[in-house]
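Below is one structure, written out as structure tokens; the observations come after it.
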Amino acid sequence: MLKRKISRDNSFIKFTIIIAILAFFYLPTLSAETMQLADNEKGNETEKANRHYNIPAGPLSKALSYYTGINGFTFSFDPSLTDGKTTQGLQGSYSLEEGFEQLLKGSGLIVIPDTDGGYLLAPGQEELPALGDDRLILDTVKVRAQRFYEVGPLPGLGLTKDEIPGNVQSISAKEIKEAHSVSMSDLFNKKLQGVTVNDYQGNPFQMDVQYRGFTAGPQIGTPQGLSVFFDGIRVNEPFGDVVNWDMIPMNAIASVDVFPGSNPIFGLNTLGGAFTVKTKDGFTHTGLDADVLAGSYGRKQLQIENGWNNGTIAFFGAGSFFMEDGWRENSPTEVNQAFLKASYRGDKLDLNFNTLLVSNDMVGNGVLPSEMYDQDRDASFTSEDTTKNRLKQFQLSGAFQVKEDFSITAQVYRRDSKRKQKGADVYTDYENNRGAKSYPAEDDDYTCLLRSTNQYGIPDYYVIPVNRTQGEEIFFTDFFNELLGGTINPADYADQKNIKLEDTFVTGFKNNFYQSQNSARQFFFDRQRVNTPPQIPAVDFSGNGFPEAAETYGYAIFAPDGSSVYLGALSGNPSTPILEDFDTYFTTYADNGDIIQNFVFFEAPVNNTTCRSDTNTATDYPGSYNIINPETGFPYLIDGADLGEPGWVEGTPTAIETDNQIDQIVDGASIQFNWNLERHKFMIGASIDDASATYTNTQQLGFMDADRNVYLDPEQANPQFGAAYYPISNNNFSGTNTTMSVYFSETWNPVDAWNFNFSGRYNQTKTKNKIATRWGFGAFEAGDVRVAPDEFDVCTSDEDCSTPRNYTTLDVDRVTTDPAETEEFSFYSFNPSIGATWQARNDLNVYANWSQGTRVPSVIELGCAFDDTPVYVGGSMGDRNDPDNYRPKSTQENRQCYLPTTLSGDPYLPQIKSTSYDIGLRGMLGENLQWNLGFYQTDLKDDIYFVAVPGGGGSSGFFDSIGDTRRRGLEAGLSGQKDKWGFSINYSMTEATFENNFYMYSEDNSSATYLDGYGPNTIEVEKGDKMPGVPLHNLNATVSYQVTPKWQVSLTGIAHSEIYVRGNENNEHEVGKSQLRQVTFPDGTTRMVARQTPYNPGKLPGYATFNFQSSYKVTPNFTVNLLVNNIFDKEYFTAGRLGRNPFSPSINGAIGPDGYNHNSNDWLSTNFVAPGAPRGAWLSMNWVF
């Protein structure tokens, strides 16, 4: 099978090849002396660079840990060296060497560099006798430096982990490099507690990251509950709060910190936690680092970074260039990222200017039926789903040290992202009673053509005036008698042909003519609006006190739904030159006031004896060219389920291509004031983020080949499928979102062992959206855009009038969207946090925290929100006091959404409020083991979910508040190093549950039933039901062993327990329980018919995978690494949903050339699964110089 490849720039390929060849053949031959010189220069540059410090006076060991933690290197010393020693602290700007000298002043101690880029603490000459003659200076213990964590969006206020009341987790640049993870989500899954990934899209760069049951990922419509920051810039996109992990270059990262719970400092969307990414700069990361990787799945990657500084000015650049064919069919990916940073460090002022550029082309073909996976592990359900992400991000940030204990940090930025997605999917949403249509024969002439030579563009006509005041009636005129007698000669009335008409009559007639000429167009999708004529007072023509309409507009002759008995070959008198209609007129008044009733008669169609001659029409299936089943007398159906038929293959589209374009720009600024006092660490800040977004969405019906590759071919489609010929617009959206915030944080250290934290944030968000949606009953799906021949139309010339017309050409301008609706929303919130830490012993820290957060409803949620405003539907004779005569506005106006393609202008949703509780312990066991144990609970109020509503009709719904949801669990970790062995193990238990009852649609859940007021396919989710996609148990563990000083091996295991799939929110889908489906029979009755018995359990099993890694340092500057993922080739699934497989074997259905079964009752219930990658191996080479 020919696989499509993403077009690539050959210059990049050539560049990669040249770099790899030069590196492989040349770099290893460099002398060790040259390499060592580079290392020395690198170290010297770093030591020269100045940094601002604010380390208070106190115990020397604690101050040294702070200092080395800030600078990011290991520090080794014998704890007895610092017993009883204190320092005066360090305030101001110092180089690395000057900082050590100031801290160690008067201590009698010195630092010396070790061989691994760290430092050793040793006694000075005067201290040697005090140690005893039998004491060895080299008897040192490695002490983990206490690193500072920037606890806000901006730097300036640093706390150690022991001062933060929460289970903060970190990943360093060294750990990122050694992990060789392909993406951020892969890295988090290996390294962090409480994290799992869901690969709904089927691409390593487009996975959802779940932390504590909350999600940050790229899928529009997935509720997001985590905030993500990149150097202080919030990267949750304005449209849907999604996070595009592929836009973060991993080799530019200095560290990743994860702050748990509803930490208000990080602003909106921080319901379950916040991820903060800090980047490298030329002061802390100097020299050139290049890494080339190649191996399984056609994967190739070049990562290169370089940093330089002269002590005052620094530059850093990183590039990551990735390409692969993918392990599944038709799934190539290219990811190209570039990060540049220019930095300045003065005595008091630091400045950084960052640029991030991303150009990614990714293919992720999503989930596939489990039985299809069993047949072919590498298969794609349909192909191909492409995402093109582009990003230009610029940031200017700075820090000003006003005085030793007070600094100001600030930033301004612009983030410009563009996302273009094309989704190729099977189409399964034809209406049950959609009839099959034949192709017109070459000489078929269905549409009745009426010649138009008048100034109004309407059929040619004759006006016969009748003076009603004088007692005249149309029935006693010569015209009437001649017309009924068949002796009329139009030439006798030439002076009354196409004379002047009243403007109101012309408007009213055109309105009726247009709306009646094609019922399918008008009823299902038409966008054309003809102005309704003004209301004209009724006229008492007979003077008997009974007024009649002053004008009528041809309602009988140009009747809707093809019901006219005056037009065409099947009419009563097809050979008449003038149509026999006596109920079309307008009113005028003579000079003397007499009432003149002007009857309008239209010339017969020029093809009246042949048009509308199709006999294959059925009352229940209006329209022409129906293909009649001789056994039933009714048309064959596109989907044969209702009548137990095979369905119809020829010309029926089986696929749909969806095209989304999202353009987003965010401009932001923030400022933060920081006080680092001896007992107080206080900050206050303010920020503004001004976002704008535009979104367009179109769909077009298509077909699939035998390999289920989707293609567009209008010529193959039956003419009735209008959306197969042109892309149909679903939505046009533009909106702005402005959030202004003020926040603060205070950490109070009243005594050495206790720290109390108080923080809060006030947010004000104003949203203004313009949403234009396609209108029409049943018009939310592209398959509902029906094209049928016009019943009648005008023609303007002999050639025009002699050209047969059948199916109309779809007028795309009429299948557009409504005028945009403008909606404005305002949200306000204040979220506090209170916490404390207690250093019970040197090796035991206890913490507790309570916090609140909020999430503002996303654009897609507001655009598809349920409006329950009552709308009267009882008619003129109904009781307006009867509640049964009212329906919610959203359902009455048919504004249901079929995600992710539709939005509508809908009402306010309350913001989601979260409350988090954290309590835990952490510490050391001996000198080598670090551990933590914590418990948490996060409760959401007014959580938002896609739900069923009364009158929703069955396969559609709205976003609505569902009440409360809860995530709770525990996190535990243990890590350490002993001799040549190292290990880490992280466990988490995450229970995510719904806490209120609600209804939702789940068409493929075996427990779904018909519920009065809601319709079919409805399930009830009850309190305590577990959320889909969240495993209860999660574990990752790594064991490493240093075989020799140059050779290290490691083994990593990742395990997750079973999960419920989407669609099984009530946890009640059962194997072997047939679902009932309502079908409509030709006699008009409806019955419940059993669908195919499901054999899918509605959940996915747990799994464990193991990865092996080996690295060998050939020279101090050249390392070779081998990575083998999933070494036992475990087959597993990370996500899934309930569904039905339209490629199921036939029972009654016709199977098309693409394998599509055209009887949906044959479709098997199945789990659509997101398979994990098979075993893969990669070799990489790394050079540092």
What is the number of the single condition among (1) free of Cβ contacts under 8 Å to residues at least 40 places away in the same chain; (2) buried (at least 18 other Cβ atoms within 10 Å of the Cβ); (3) not basic (Lys, Arg) that GLY471 does not meet?
(2)
Note on segment 1023-1053: residues of a type outside the set (Val, Ile, Thr) and part of a loop (DSSP other than H, G, I, E, B) are LYS1023, GLY1024, ASP1025, MET1027, PRO1028, GLY1029, PRO1031, LEU1032, PRO1045, LYS1046
Considering segment 1004-1020 alone, what residues qualify as being closer than 16 Å to ARG1087 by Cβ and in contact with a Lys or Arg (Cβ under 8 Å, 6 or more places away or on another chain)?
PRO1016
Among (1) closer than 30 Å to GLY217 by Cα; (2) at pLDDT 85 or above; (3) touching a strand residue (DSSP E or B) at 6+ places or on another chain (Cβ under 8 Å), the one test that SER181 misses
(3)
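If I ask for residues that are charged (D, E, K, R) and modelled with pLDDT under 95, which ones from segment 326-349 would you list?
The initial filter retains those residues of segment 326-349 that are charged (D, E, K, R), namely 328-329, 334, 341, 345, 347-348.
Scanning segment 326-349 gives ARG328, GLU329, ARG345, ASP347, LYS348.
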Note on segment 899-944: residues hydrophobic (A, V, I, L, M, F, W, C) and modelled with pLDDT of 95 or more are ILE919, LEU921, TRP931, LEU933, PHE935, LEU940
Out of GLY1176, GLY1139, I need the residue that is under 25 Å from VAL182 (Cα atoms) and either surrounded by 22 or more Cβ atoms within 10 Å (Cβ to Cβ) or within 31 Å of the chain's Cα centre (by Cα) (or both). Which one?
GLY1176
Taking ALA641 as meeting all but one of (1) among the aliphatic types (A, V, I, L, M); (2) assigned to a strand (DSSP E or B); (3) at pLDDT below 95, write down the number of the exception.
(2)
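If only one of SER343, SER359 is in contact (Cβ under 8 Å) with a residue 60 or more places away in the chain, in a strand (DSSP E or B) and over 17 Å from GLN201 (Cβ atoms), which one is it?
Just one listed residue meets the conditions, SER343.
So if I check each of SER417, SER438, SER370, SER380, which one is in contact with a strand residue (DSSP E or B) (Cβ under 9 Å, 6 or more places away or on another chain) and within 23 Å of GLY722 (Cα to Cα)?
Selected residue: SER438, the only one of SER417, SER438, SER370, SER380 that is in contact with a strand residue (DSSP E or B) (Cβ under 9 Å, 6 or more places away or on another chain) and within 23 Å of GLY722 (Cα to Cα).
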Output the residues belonging to segment 635-662 that are surrounded by fewer than 21 Cβ atoms within 10 Å (Cβ to Cβ) and either in contact with a helix residue (DSSP H, G or I) (Cβ under 6 Å, 6 or more places away or on another chain) or among the hydrophobic types (A, V, I, L, M, F, W, C) (or both).
VAL649
For PHE321, only one of the following conditions fails: (1) part of a strand (DSSP E or B); (2) buried (at least 23 other Cβ atoms within 10 Å of the Cβ); (3) out of contact with any His (no Cβ under 7 Å at 6 or more places or on another chain). What is its number?
(2)
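State all residues of segment 999-1022 that are closer than 16 Å to ASP943 by Cα and either over 27 Å from the mean Cα position of the chain (by Cα) or outside any loop (DSSP other than H, G, I, E, B) (or both); if no residue qualifies, say none.
Result: TYR999, MET1000, VAL1021.
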Does at least one position in segment 427-446 carry a residue that is in contact with a helix residue (DSSP H, G or I) (Cβ under 6 Å, 6 or more places away or on another chain) and either surrounded by fewer than 20 Cβ atoms within 10 Å (Cβ to Cβ) or free of Cβ contacts under 8 Å to residues at least 24 places away in the same chain (or both)?
yes
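Residue-wise test of (1) touching a Gly at 6+ places or on another chain (Cβ under 9 Å); (2) at pLDDT 75 or above; (3) surrounded by fewer than 19 Cβ atoms within 10 Å (Cβ to Cβ).
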site: ALA38; (1), (2), (3): yes, no, yes
site: ILE55; (1), (2), (3): yes, yes, no
site: ALA63; (1), (2), (3): yes, yes, no
site: PHE77; (1), (2), (3): no, no, no
site: GLY84; (1), (2), (3): no, yes, yes
site: GLU98; (1), (2), (3): no, yes, yes
site: ASP114; (1), (2), (3): no, no, yes
Checking the condition outside any helix (DSSP H, G or I) and either out of contact with any Leu (no Cβ under 8 Å at 6 or more places or on another chain) or modelled with pLDDT under 70 (or both), which residue from PHE825, PHE777 passes?
PHE777
Filter segment 347-375 down to the residues that are within 30 Å of PHE1168 (Cβ to Cβ) and out of contact with any Asp or Glu (no Cβ under 8 Å at 6 or more places or on another chain) and list them by number.
VAL367, LEU368, PRO369, SER370, GLU371, MET372, TYR373, ASP374, GLN375
Tell me yes or no: at least one residue of segment 1065-1075 is under 36 Å from the mean Cα position of the chain (by Cα), in a loop (DSSP other than H, G, I, E, B) and closer than 19 Å to TYR200 by Cβ.
yes
For LYS388, are the conditions met, namely being surrounded by 16 or more Cβ atoms within 10 Å (Cβ to Cβ), part of a strand (DSSP E or B) and without any contact (Cβ under 8 Å) to a residue 40 or more places away in the chain?
yes
Counting only residues in segment 489-504 that are among the aliphatic types (A, V, I, L, M) and either in contact with a strand residue (DSSP E or B) (Cβ under 6 Å, 6 or more places away or on another chain) or part of a helix (DSSP H, G or I) (or both), the one surrounded by the most Cβ atoms within 10 Å (Cβ to Cβ) is identified as ILE499
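For every residue, the table says whether it meets (1) surrounded by fewer than 24 Cβ atoms within 10 Å (Cβ to Cβ); (2) at pLDDT 95 or above; (3) part of a strand (DSSP E or B).
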{"position": "PRO238", "(1), (2), (3)": "no, no, no"}
{"position": "ASP241", "(1), (2), (3)": "no, no, no"}
{"position": "SER255", "(1), (2), (3)": "yes, no, yes"}
{"position": "LEU268", "(1), (2), (3)": "no, no, no"}
{"position": "THR284", "(1), (2), (3)": "yes, no, no"}
{"position": "ALA290", "(1), (2), (3)": "yes, yes, yes"}
{"position": "LEU293", "(1), (2), (3)": "yes, yes, yes"}
Across segment 243-253, what is the total count of residues that are aliphatic (A, V, I, L, M) and either in a loop (DSSP other than H, G, I, E, B) or more than 28 Å from ILE662 (Cα to Cα) (or both)?
2
Matching residues in segment 405-447 (part of a strand (DSSP E or B), small (Gly, Ala, Ser) and either at pLDDT below 95 or assigned by TED's automatic domain parsing to the domain that holds ASN616 (or both)) number 4
Candidates PHE602, PHE634 - the one that is closer than 30 Å to ALA556 by Cα and at pLDDT 90 or above
PHE602
In segment 1115-1126, what residues are in contact with a strand residue (DSSP E or B) (Cβ under 6 Å, 6 or more places away or on another chain) and surrounded by fewer than 16 Cβ atoms within 10 Å (Cβ to Cβ)?
VAL1120
Taking the stated definitions as given, is GLY202 crowded, with 23+ Cβ neighbours inside 10 Å, under 30 Å from TYR1041 (Cα atoms) and at pLDDT below 95?
no
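The values are calculated or read from the model by the stated rules, or taken from the named source; none is laboratory data. Since the model is a prediction, treat every value here as computed from it, not as a measurement. Here the Cβ is made from the backbone with ideal geometry for all residues, glycine too, and neighbour counts use every protein chain on show.
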